[in-house]
Structures are given as structure tokens and as C-alpha cells.
Protein chains: 6
Amino acid sequence: MSVYQAFTDSLRGGGPLFSAWIGMGEPQIAATLARSGFDAVTFDMQHGAIDFAAVTRAAPLVLAAGKPAVARIPVGEFATASRLLDAGLSAIIAPMINSADDARALASFCKFPPVGGRSWGPGESRFSSGLDNAGYLARANSLLPAFAMVETREALAALDDILAVDGVDGLFVGPADLSIALSGGALMDPQSAEVEQALAHVVARCRAAGKTPCVYAVSPERARVLAQAGFAFIAVSGDGALLRAAADSAVKTARGL
Amino acid sequence: MSVYQAFTDSLRGGGPLFSAWIGMGEPQIAATLARSGFDAVTFDMQHGAIDFAAVTRAAPLVLAAGKPAVARIPVGEFATASRLLDAGLSAIIAPMINSADDARALASFCKFPPVGGRSWGPGESRFSSGLDNAGYLARANSLLPAFAMVETREALAALDDILAVDGVDGLFVGPADLSIALSGGALMDPQSAEVEQALAHVVARCRAAGKTPCVYAVSPERARVLAQAGFAFIAVSGDGALLRAAADSAVKTARGL
Amino acid sequence: MSVYQAFTDSLRGGGPLFSAWIGMGEPQIAATLARSGFDAVTFDMQHGAIDFAAVTRAAPLVLAAGKPAVARIPVGEFATASRLLDAGLSAIIAPMINSADDARALASFCKFPPVGGRSWGPGESRFSSGLDNAGYLARANSLLPAFAMVETREALAALDDILAVDGVDGLFVGPADLSIALSGGALMDPQSAEVEQALAHVVARCRAAGKTPCVYAVSPERARVLAQAGFAFIAVSGDGALLRAAADSAVKTARGL
Amino acid sequence: MSVYQAFTDSLRGGGPLFSAWIGMGEPQIAATLARSGFDAVTFDMQHGAIDFAAVTRAAPLVLAAGKPAVARIPVGEFATASRLLDAGLSAIIAPMINSADDARALASFCKFPPVGGRSWGPGESRFSSGLDNAGYLARANSLLPAFAMVETREALAALDDILAVDGVDGLFVGPADLSIALSGGALMDPQSAEVEQALAHVVARCRAAGKTPCVYAVSPERARVLAQAGFAFIAVSGDGALLRAAADSAVKTARGL
Amino acid sequence: MSVYQAFTDSLRGGGPLFSAWIGMGEPQIAATLARSGFDAVTFDMQHGAIDFAAVTRAAPLVLAAGKPAVARIPVGEFATASRLLDAGLSAIIAPMINSADDARALASFCKFPPVGGRSWGPGESRFSSGLDNAGYLARANSLLPAFAMVETREALAALDDILAVDGVDGLFVGPADLSIALSGGALMDPQSAEVEQALAHVVARCRAAGKTPCVYAVSPERARVLAQAGFAFIAVSGDGALLRAAADSAVKTARGL
Amino acid sequence: MSVYQAFTDSLRGGGPLFSAWIGMGEPQIAATLARSGFDAVTFDMQHGAIDFAAVTRAAPLVLAAGKPAVARIPVGEFATASRLLDAGLSAIIAPMINSADDARALASFCKFPPVGGRSWGPGESRFSSGLDNAGYLARANSLLPAFAMVETREALAALDDILAVDGVDGLFVGPADLSIALSGGALMDPQSAEVEQALAHVVARCRAAGKTPCVYAVSPERARVLAQAGFAFIAVSGDGALLRAAADSAVKTARGL
Ligand SMILES: [Mg+2]
Ligand SMILES: [Mg+2]
Ligand SMILES: [Mg+2]
Ligand SMILES: [Mg+2]
Ligand SMILES: [Mg+2]
Ligand SMILES: [Mg+2]
């Protein structure tokens, strides 16, 4: 069974899957995290200093470790989503999907006709799928999920419309941006009461629509809480945060503090 | 005579020109193919794992071999087209141009006023053209062709409108996507009957409009057929395919199979 | 005081600040120019062969030298503006802002709510600001300026509307493109009479609106003139031009010419 | 069973194994050739434009395809051999081993004590071996072969002494250099009568010493001949040659020549 | 006071200084660890997948954080030591210095005449030192320490001779290799009884010679012990190990294990 | 006529040829300087932050401009000299050649048998030479010069012995190191009286031996003086120095200072 199939099956099973979150363009970080206990590795091209070239260098090492490689694209760069799928990525997370129109734009780049208008050219992806051309064309739309980020008031208002878009396989909540949006720019607090309420709402509406609820967790502790809240795919903090925490702890131990 | 002028003259002469097709970001591949019998080298930034940095590293080696360097941009990334022209590329192929509006957007990034709104800053390109600033401004629009890809039902329906857009110098058929589109996502077959019909139509309409018919050929044998069908610029398979075929053949010979 | 604060203060003081202008992706060039007498270093991602990866490699060396690192993005690539701000850049210059709508799009990617919709994730930027999360959210919009390029007839016509957009902190004139636009594509002359008139107009309207007038100068001599004309931020020629001039002069001296 | 074990077993079985030969620093070339019918992929750091960074980017893709990644180091750069083994390479080929002293220097960098003085730090290699620290220390010397290149008159004269060095696991003939050496610089002919004689001699002496005879073949046809002559590991031509031949053939077919 | 001066002063003060240890070529890892509580950042070019280009990209970010950047070179690659010092590194660690001759070779590349034969060309280093040419020539030998690794039986036997070499500023024990050497290849145990004895001996002989005792610690806990044993500079584990440990812990927490 | 032949002819004609001197790994710097009035471009791998990968990226752009690309290798890294020649470099400068033995080591890596032991594999170099295999083998030794740096008291003492080594095509004086050596480490002054005397001596002995006198000039003015003193190949300052001087001048002009 291909990594793609295994990942899709797990998501359909409801998870929870915990993903590493990568913002540095070093392939060895991706390899190291893929070999650890994480279920997936997600590359953050929106806020990380990591571009298409970096992801295509690192993603094969994740697949080689038998784990799915996911990418969050920059806002609105849907053509990059297509290129990442061709390059072997397992799933796409698109930020700031605030309307059904945004969601359709995402689907149009992630799904082949008749769902969308993804263009044919799946080099690495077809190889990793283990499928021939016909099989890949028939299966890719269901095998490679596209997740729409919900992180504004507009998105919350359009939630069911977004979920109804064919080709959108799940919602991914960005709690930090959502807290800023819900507070009118006054507050960044991914655990504000309004955010907590929205999180529960997203899980419920996703389940109702038969789609996957996903979320970013600012810490492993928070990841556990969000898993218990019903999220199926949970991105945990980041490589930088892991490294900083490990360095702090190491230095303290070394100094006997 | 500059590489640009020679390329444009050959296209106007009706070709057929055969182009190598590159999807790997290795400058030596570009140099090797540019020194071979191909008439041009095309970089595939849509489906290849090759970005702006890779193209700007490799393209100078193509020009140094006296061949034109062409680039296919990702869907809708027209600003990249401008940057590539500045960097010395000879021509742009833009995928998924499905309407006259799409075509005008392409032209607006590839042509200086009054045709389009390309911004001034042609570093390598002006150097390679051998022209001074005034000469470059006067000549660039006709010297650096922009090709619109026809690969959907919408594009076929709007064919003459697209051809009528000032600044679009030719059409480039993507037979694989076209076959998927024409079959409603059921079939990827770049030689389906519907595609064959469309190919003949594109050649005829281009010739009628005085513009250049271009196409992608899945193999050298297919390239020969498409040249005979009247296409002036034919991209032949890809670096990966060439390498795979050569490796298979080498291994068989070595093993005495 | 952070580099950001110092830069913003200087701009508000009216300048003139002179910025180096970089089109080559070599971090040492950025470091060398940042350590020279320039007040800032600007990376030209529109016409230079320099991409996001190159800027994120080079910008930290500019900050380390205590100078602000500015970036001009390619036309319309506003998501890149957000990523650059996250990566520590001090200011954004966006080309071809031809209407208030264009200006709002720029602001939406450069400013947090309620001004825009910039997404939260300011890794390097927050570090360099010396602020905590709450402080950064509160201060970033005023600390990291966004400049809209005025370089078409449409932009001149919409000048006050663009200036009125919340989140646009100044105008940056592109005299070369403006000369082409004003001549209908007939002439590239950054010192044409029409351009000179427009330059004075931009300074006046910026001052009236309490926003920063910025401009590109084709030479150091021209930079001096533009400073005297009231521009607060003046980008001076480019790394390539500096190097060419220095090489010519060195060779002449060596040959005794 | 690890790739290392499988490779060593095959070599001990006498082969013949046919290896791709890579001189370009593009990971996708390595991946493509590793997925083809070749038994191994060899990186040529002596004559190819490929350095340590390039090999460490590409080698993981070879291992991921289940094939051994071999490296030829530059003349005398034995410290690089150690670093390559740490990075996961399966075997080392060292050029210009002209004496038992040269051979001992090679062994000292490729083998742990008591055979050599290889330093401990096998990150990727231990991971790929599937062994723990103690297992790796005990097994690495026999699991990761080192091949000494025979390509001078001195080397031929010292053949048995070189073969007798503990830690040298086989000889690798460089027929081009050998032909130059044997002709006193007059002739480059990897199939000269003197070379043919030397090749047979090397096979015989290796077999007598229980070590592996290896060779470079200038073409697939030549590889077949050398396999029949008894060589166990045969590197076949190169990526550049494969690409050139494939391009020539493609262009001829396209032009109907 | 320059970073170099501060580092040298601290070492003379007896430390203990704790250094991060880097084996991945990602500048952001270096920046992250430099900004943490570590006193220094050491790049491992011997066993890490990190070359000269990677170190020169990352080291400036360490200096920008006000921390010294140290490099361990591959075995015997002393010319690289010179290049690293020119590029701004604060100190050199050279592995496998087994005799006074080895030590003199190291000094000859790290120190200017009359101590050694380091060649003049200190671009970044002179800049970071804050010294002019004359000052740098006069001060560099004492400002930029060179440490000789003691990790074989031969080195232990020659300890005082190595310490007596002018230009060697301290010894750096490699406990893993030392344990292998002392056990004749039978055992890798950086805390074997023989190693412990050697460690105490090295501290004593360094103190007697007025030079700096340095060591690698396999964990933060071990670093604390070694600091208490009198080592002045202690490299703590590695970036990979930090990341692995942090990932394991994060996953366990997320899963509620 | 190939660039190699033209360069060798000019050197034999006595010059003076003035070379740019590059220490930054940016291909566009090399291209810019190659297109300027300089006669050659030299890459400084000893003191510049530029490695083999950087040189092989940049050198083709120098050759494309019709200029020879020269490289100075790090001390004693003669295998790199071979690799650079294979990669298309026109000449090698080797630092710290202090004896006839050092000179023979250099020649052994730069010249084919019977002069040296350079290994066969001249990919780019043969292509750029325009020669076939036999022609290249016959001509390369005289076509691709190797220069030995004279920069110590030992080298001066062994001058005629070094010049007598077959395969050494000229001497290249390093005045800075020579001044340090001649002053016992007390002084860095490339124009000290002792250095001036040595410079005249080197020119005289080279001329007597029919070999090429080369030198590094700290400024264009100094280059002129050294040309008049009889040097045939003169490297002029560096890319960093050119850029710094140009920036200083630009800023002064802009500020009206
Ligand atoms: Mg967000
Ligand atoms: Mg297509
Ligand atoms: Mg402009
Ligand atoms: Mg050889
Ligand atoms: Mg060690
Ligand atoms: Mg020198």
C-alpha cells in the first residue's frame, strides 16, 4: 500500500494523526522528524523560510521513511499546490480560504477534471503512488487531500459552503490568526474562548459533512487536547520550537540549573 | 545576429523546430541538451521540479551554446514570465490560457506598452539581444514570443479570440490535459481522436492568424508526426524520459538481454 | 532601539535615506553594501535574479550590520510580501500599484487586522523587533512600512486614492516605467519632462498625506538631485552597475588609459 | 536485510553488478538511475562536477530506491571517504592507488580499528545499516567495501602488495588512465592491447586474493565484455553520455533522419 | 570587545563554556542555537553533512548573535582551517592529532609567522575582530585558538609533546574514538574506565601546560560531569540528537503516553 | 581559436594581462567582470568564500564571455586543481609552493603523463578546447598553465629549482604573504623594500627560464606599476574591494559630500 493510501485511510479512520511542522529548509530535519514517532511531516511554506526547491529536496526523505509529506502553501499560491502534488506531496493545506470561491480555486488546482482543472504531469507523485497513468488519473483526486484553512470571521460564516465544495477534503483551523480576526486585531491567543468555540464548531461541521477536521497546535500538550476534541490531523508546534526547547533544557542540565 | 533574432526568424519561417524539455534543475543537463542537435531548450516550471533560481542558473549555458532558452511558467504566474524575460529567456509558454482575458493577462506581463504593461529592467536580456536601451524597447515585443497553451474545452471555444489578442504570438497545445478535458476527466490519451482533431484545428487557425502553432510531443516519433502536421515548434518528451530510456537500453545491453 | 524602529523614525524625519539596490543573490554583496555608508539595502526581486531563498539568506547579514533590509516584490506577488516581513525584512516595495484596489491588496498582505489580513507567524521579524507577541501585534503595522510603486498613467490618476489607503505608508516612483507609460511605449527616459513633473507631484501629494515619498535613482548624481527634490527614501542604482563602473575604472587605471 | 548487506553479498557472489555512473550534481538523476535496472549508482567526485554536498543530497534517494550508492573520491582525499561512509554511502572507490602505502592510507580512513583509524560518527550509515552502535562497529569494516583504483604502471607492479593490504576489498581498474600510463602519455585507448592484458591480470589476481575485481566500462557494450571477462562490479559510462546519446537519437527520429 | 576577544578571555578564565554542536547545514539551526543559552556554536565538518559553503553561510548568524563560531575540520584538512579562520570562525578543532608533527601541521595553517605559515587574507575575520591589518596580524595568533583532538593511543603517548607545540592552544578529547582505540576496536564506550582515566590526565596536563582542556559530551548530563572534571570547553551532543529527543517527547505528550 | 589557446598565446606574448579577482560565489559577479575590460577572471578559493561548486557554476559564464577563467586553489589541495581543469578552468594558481618538491606535486596534478600524473576525464575542458580526445591529450599540458606561488623565504631560495620543474609554467608572487614572511611575521606590507626587490628578481628569473611572471596587485594603480615592472599576468584587487570603493563613492556623491 502506498504512503498516500495509508495516509488517506488513517484520516478517514478519524485519526488522530500528529504531524511534525517544518519551517527550515534542511532536508535532514525532515528526515529526522519523519523517522521519529510523528505520523506525518508538514512543510510550512507560508510562515517558514522554505520554498518550493527546499520542499522538493526534503519531501523525498519523508516518503523514504514511509511517512506522508504535507505542505502548507502561501496565501493564494494555488499553482504551487499543483506543483507540490506533482512532486510527491501527500496533501495540501491552503491558508485563508474565506469563501466558497476561495475553496473552489483551491480545488481547481488540486483535483483533476471533472472536479477541478489540475494539469497532468505527476512525475514523482505517480511513481510514489505505485499506479499507472490511468489508475493515477482515476484515484489521485481521492488519494491526495486538500485542506482549506479556516482562520477568519468570513470563513466561519461560510463554513458549510466551503465544506460543500467538491474537492475540499477537510478544514484546517489556524487558531492564532482566528484569534486575531475574532478580536479585530486586538489579541493573539490561540486558546481564547471564541477560538475554543470555533474549534468545536469546526469539528462538528466537518463530521457532519464527512470531511476531515485538522488544526495547528502550539504545543504537544495542546495537541493532546485537540485530539481529544475530535481533530483527526494535528500539526504540532515547529522544528524551531522543538530545537529551542531542547537547547534550553540541555543548557540548564549542563549548567546544573 | 542574436539568438533571439535567429529563433524568431526560424519560427516565422515555419519551422519545424524541435526543443528539448527540461524538468530537472541541473545546469549541466541544459548545457548538454543545448549542445546536442535540438534547436532549443525549454524549461518546464509547471510540472518539473525546477524554479526561477534553477532556470536562471541554467539558461545562460543554453544561450552560450547559441540556442534559445524557453520557459513554461506555472499556471497564472505571469509575473514570473516578466522576470524570466529579464533574465534572458527567449520565449514564454503559459499553461491554461482559457480565454481572451487570460491571454491579455499573459500579454500584459510579456510585452512593453502599448501592447502590455511589462516593466522595464531587462538586465541579461538586453545584453543578449545586443541592443541598446532604445533598440530593446522598440524590438523586444516582437523578439521575445509569448505562447498561450490550449488545453481545455474553453480554450478551444475561444481559440480565435485568444489568437486575436495582441501580444500572443502563438498557441501551444498540451495534448495530455486536452485529452483529459475533452473526456471529462475519464482519459489521459494525448493521441485520442478528439485531440487529433483539435491539433489540426489549432494549426489551421494559427496559420490563418499568422501566428505560430506549437505543441508538446510525448516521444520523438510523435514529434515527427506533429512536425508533418504543420507545427512550427515541438517540445520533445523530457530529460527524465530520455535518461530512463537510455538507462534501460544500457542495462539491457550490458546484461546481454 | 530595533533596526525597524530606527528606520521608521528616520523615514518619518523625512530623510533623505539612501539605499543600496541589489539584484544578485550573493549574501556577501548585501553584507558589503550594508557595512558601507548606505542607510539601507533593498533587494530587487522584480528585475533582479534573486528569489525568496536568496533574500532570506542575505537579509540577516544586513540586519546584523544594523541596517534595514527592504525588498521589492514581483508584480502582484503579495503573499511573498507577507513571507518577507515574517523573515525579517523592514519594508516592502510593491511595483505597479495602479489603483486603490491594488493598494488595498498590498495592505491586506502587509498589515495585521483590522488594517489588513496579514497572517500571524513572524519568526525572525519578531525576534529582530525585540518585542513580545502582544507588542509585535500592536506595533508591526506601523513599524514595517509598505510602499506602493507609482509607474503608470493610471497610478498617477489615482494618486490620492492610493495615498488614502490605510496601510500604504508611502509611494515609490519607478521613473523608467513611468517614462515608458507616459510616452505610450515610445521612450525609456527616467528624466523626461513628464517624469520630472510627476516626481514633483508625488513628493507634494505624499507630504500632504503625511506619507513617505520614495524613488529609484539611476545614478548617485541623480540620487542627490532627487533628495534635494524632497524624496525621503532613494534607492541608488544597483550592485551590477556599481561593479561594472568599478571594473571599468580599475581596468583603465591598470592600463594607464 | 540492509542495502549494504545485499550489496556486499552480491559482490561476494561474484556479480556481475552494473552500476550507473554520475557526474552531475542533480539528485533526480540519481533517483532516476537508481529506479532503473542498474544494480548500483556511483558518484564520480574525481572527474564529475559533483562535490560532497551534492552527493549527500542525492545518495539518500538512491538508498530509498533500495540500491547501493557508491562514490569515487578525488585523488588522495581520504578524509572525504570517511565522511561519505558516515553519510550513508555503500562503498568507496579511490583513484590512483599506486602502492601498498597508498592502499594503507585508504584503508586507514575507511576501516575502524584495528584495521584502520576511521573515526566514529556514522549518522546516516548506522541508520541505514539497521544496526545498533555495537553491531555497526563490529560489522562496518566488512559491510562497506573500499576499492583501490589500479591505473598506473606502479600500481600494476605493486598489485599483489596492494591486494594484501587489510581493508582493501577489491581493485577497480581505470582503463583510460592505464592506457595513458602504459603508453607514456602517448595514447588514450581504454581497449589497447596492454590494457586488455592488464585487465585479465587484475581479475586473476583479485580472484586469487579473494577480493573483488571492478572496472569502468566506456559503453554498455564494453560493460558486457568486461562482465564476461570476470569483473564483479562494472561502472557503465556516465549520465552525460547517456543523455547525449538519447538526445542525438531523439533528434534524429524527430527529424526523420 | 569583539566576540573573539570575549571567547578567548572566557577560555583563559577556565570556563566552563558549553557549545552547541551542529551537523546539519541549515543556517537557521545555527542561529537558533546561537540565540539560546549556549556559549558557543561548533560546526562538525568531520562527521556532519556540512561543508565549507554551509559553514560560511551559517557562521555569520552565530557571530550576529554575539557568540563564537567554532569548526571541527575533517581529518588532516588543514587548508580548510585557514579558510575557516579567514571566513570569521573563532576557533578550530582538528581531529586525530596523534603526534607533535600533526600538531605542528595544524599550527602551521592556523597561525601567522613566525609561529606558523598561515597565509594572509582575513576578510570576514578581520572585520569581526574590529582590528586594522597591523592589529590583526599582531593579535590573530592569540585571538583564534586551535585545538588538537586527542583520540588515539598514540596521541595519549605524545600528549606533552603535542601540548608543547607553539600554536596549539588546547586539547580536545574525542571520547568515542578514544574508547575504540583503547579497546583495539572492540568497544565504543565514551565512558569506559580507560577513557575516564585519560580524561583526567588530559585536564591535568593541559592545566600544567597553561593550555585549554576541551571535550565532547554525549549528553547534557555528561557535559555537567565533564565541566566538574575541569574541562573549560564542552561540546554538548548535537542538533540531530536534540531534535530527536524533542520529537520523541512531543509525540509522547501528544499521544498521552 | 579556443579561449585556452588565446590565453596561452597572450601569456607567451608577455602580456600584460589584467585579471579580475573573485572571492564571492555569485555567478553574476563573474559574468559581469568577464564582460568588462578585464582580460581574465580569477577565482580565489584560498581566501575567498568560494568553493568547487561555486567555481563550476560561475566559470562557464566567464568562458561564454570569451575570457579565460583561472582559479587559485587552497594550499596543497592539488586534487582540486585537476578537478578544476576538467571543469573548464584555463589555469591554476597554487599558493605556498616553497620547494621543487611542492612544484612537482603541483605539476603531477595539472599535467598528463609523462610530465605528471593528471587523470583522464576532461569533460567541459575538452569541449571548450574544441579538440578531440587525442588532440586534447597531446595539447592540454601546454594549453592549461600551472602557476606556482612564491610567497616565502624558502620559495625565494628555491626559485630556480621551482622554475626548472617541468609542468610549472610560471611563478605568481603573493606580496602580502611574502612581506610577512620576509619580516618574520612583523609586517604586512606588499610594497616593502624587500618585496620590491623580490618582485624584480622573480621577473628576471622567469624571463631567463622562459616562464611567465605573475603577481597580485592590491589596487589598479599598483597593477599598472607591476605591469611596467614586467609581469605578464596581474590579478587586480578583488570583487569585494571594487564593490566597497564603488559604494563609498556612490554614497558620497548622493550625499553631496
Ligand atoms: Mg494562519
Ligand atoms: Mg498541460
Ligand atoms: Mg518599474
Ligand atoms: Mg582514472
Ligand atoms: Mg573523533
Ligand atoms: Mg598568499
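The values are calculated or read from the model by the stated rules, or taken from the named source; none is laboratory data. The shown structure was predicted, so the numbers you read here are calculated from the model rather than taken from an experiment. In this analysis, Cβ positions are derived from the backbone assuming ideal geometry, glycine residues included, and neighbour counts consider all displayed protein chains. All accessible areas refer to the heavy atoms of the entire protein, side chains included, with ligands and DNA or RNA removed. Shrake-Rupley method; radii C 1.70, N 1.55, O 1.52, S 1.80 Å.
Table: residues versus (1) modelled with pLDDT of 95 or more; (2) within 16 Å of ligand 3 (Cβ to nearest atom); (3) surrounded by 23 or more Cβ atoms within 10 Å (Cβ to Cβ); (4) more than 30 Å from E:Val55 (Cβ to Cβ).
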{"site": "F:Gly13", "(1), (2), (3), (4)": "yes, no, no, yes"}
{"site": "F:Phe18", "(1), (2), (3), (4)": "yes, no, yes, yes"}
{"site": "F:Ser36", "(1), (2), (3), (4)": "yes, no, no, yes"}
{"site": "F:Ala40", "(1), (2), (3), (4)": "yes, no, yes, no"}
{"site": "F:Phe52", "(1), (2), (3), (4)": "yes, no, yes, no"}
{"site": "F:Ala69", "(1), (2), (3), (4)": "yes, no, yes, no"}
{"site": "F:Ile93", "(1), (2), (3), (4)": "yes, no, yes, no"}
{"site": "F:Ala100", "(1), (2), (3), (4)": "yes, no, no, yes"}
{"site": "F:Lys111", "(1), (2), (3), (4)": "yes, no, yes, yes"}
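Name every residue in segment B:221-245 that is crowded, with 24+ Cβ neighbours inside 10 Å and in a helix (DSSP H, G or I), in order of residue number. Matches in segment B:221-245: B:Ala223, B:Leu226, B:Asp239, B:Leu242. Screening the candidates C:Arg118, C:Arg139 for the property of being in contact with a helix residue (DSSP H, G or I) (Cβ under 6 Å, 6 or more places away or on another chain), within 13 Å of another protein chain (Cβ to nearest Cβ) and among the charged types (D, E, K, R) yields one hit, C:Arg118.
Can you find even one residue in segment B:143-163 that is more than 16 Å from ligand 5 (Cβ to nearest atom) and within 14 Å of chain C (Cβ to nearest Cβ)? Scanning segment B:143-163, I find no residue that is more than 16 Å from ligand 5 (Cβ to nearest atom) and within 14 Å of chain C (Cβ to nearest Cβ), so the answer is no. Of the residues examined, C:Arg83 is one that is at the interface with another protein chain (Cβ under 10 Å from one of its Cβ atoms), in a helix (DSSP H, G or I), more than 20 Å from C:Thr32 (Cα to Cα) and open to solvent by less than 30 Å² (accessible area, probe 1.4 Å).
The single condition among (1) free of Cβ contacts under 8 Å to residues at least 12 places away in the same chain; (2) within 14 Å of chain A (Cβ to nearest Cβ) that E:Tyr216 does not satisfy is (1). Restricted to segment B:136-173, and to residues there that are without any contact (Cβ under 8 Å) to a residue 12 or more places away in the chain and among the hydrophobic types (A, V, I, L, M, F, W, C), the residue that is nearest to ligand 4 (Cβ to nearest atom) is B:Ala138. List the residue pairs whose Cβ atoms are under 9 Å apart, where the first residue sits in segment D:111-134 and is under 25 Å from E:Leu242 (Cβ atoms), the second is assigned to a loop (DSSP other than H, G, I, E, B) and modelled with pLDDT under 95, and the two are 6 or more positions apart or on different chains. Final answer for the pair search is D:Gly123/E:Gly238; D:Gly130/D:Met1. Candidates are the residues of segment C:190-212 that are within 16 Å of ligand 3 (Cβ to nearest atom) and touching a residue at least 40 places away in the same chain (Cβ under 8 Å); the one that is farthest from the other protein chains (Cβ to nearest Cβ) is C:Val202.
Out of all the residues in segment E:170-184, is one or more among the β-branched types (Val, Ile, Thr), open to solvent by less than 10 Å² (accessible area, probe 1.4 Å) and out of contact with any strand residue (DSSP E or B) (no Cβ under 8 Å at 6 or more places or on another chain)? For segment E:170-184, residues among the β-branched types (Val, Ile, Thr), open to solvent by less than 10 Å² (accessible area, probe 1.4 Å) and out of contact with any strand residue (DSSP E or B) (no Cβ under 8 Å at 6 or more places or on another chain): present.
Out of all the residues in segment E:22-31, is one or more within 14 Å of the chain's Cα centre (by Cα) and either within 14 Å of chain D (Cβ to nearest Cβ) or open to solvent by 10 Å² or more (accessible area, probe 1.4 Å) (or both)? Yes, segment E:22-31 has at least one match.
Checked against the criterion of being in contact with a Ser or Thr (Cβ under 9 Å, 6 or more places away or on another chain) and basic (Lys, Arg), segment B:241-254 contains one or more residues that satisfy it. If you go through segment A:43-80 and keep only what is part of a strand (DSSP E or B) and of a type in the set (A, V, I, L, M), you end up with A:Ala49, A:Ala69, A:Val70, A:Ala71.
Here D:Arg104 meets each of (1) within 7 Å of another protein chain (Cβ to nearest Cβ); (2) open to solvent by 30 Å² or more (accessible area, probe 1.4 Å) with one exception, condition (1).
For segment D:203-218, name all the residues that are touching a helix residue (DSSP H, G or I) at 6+ places or on another chain (Cβ under 6 Å) and either within 16 Å of ligand 2 (Cβ to nearest atom) or part of a helix (DSSP H, G or I) (or both). D:Arg205, D:Ala209 - these are the residues of segment D:203-218 that are touching a helix residue (DSSP H, G or I) at 6+ places or on another chain (Cβ under 6 Å) and either within 16 Å of ligand 2 (Cβ to nearest atom) or part of a helix (DSSP H, G or I) (or both). Within the option set B:Ala54, B:Ala94, being within 14 Å of chain A (Cβ to nearest Cβ) and under 15 Å from the mean Cα position of the chain (by Cα) holds for one residue only, B:Ala94. Pairs meeting the criteria (first residue in segment C:174-188 and more than 8 Å from every other protein chain (Cβ to nearest Cβ) and touching a residue at least 24 places away in the same chain (Cβ under 8 Å), second residue open to solvent by 10 Å² or more (accessible area, probe 1.4 Å) and part of a loop (DSSP other than H, G, I, E, B), beta carbons under 6 Å, at least 6 apart or on different chains) are C:Pro175/C:Pro190. Within segment F:208-257, track down each residue that is charged (D, E, K, R) and under 27 Å from F:Glu26 (Cβ atoms). Within segment F:208-257, F:Glu221, F:Arg222, F:Asp239, F:Arg244, F:Asp248, F:Lys252 meet the criteria.
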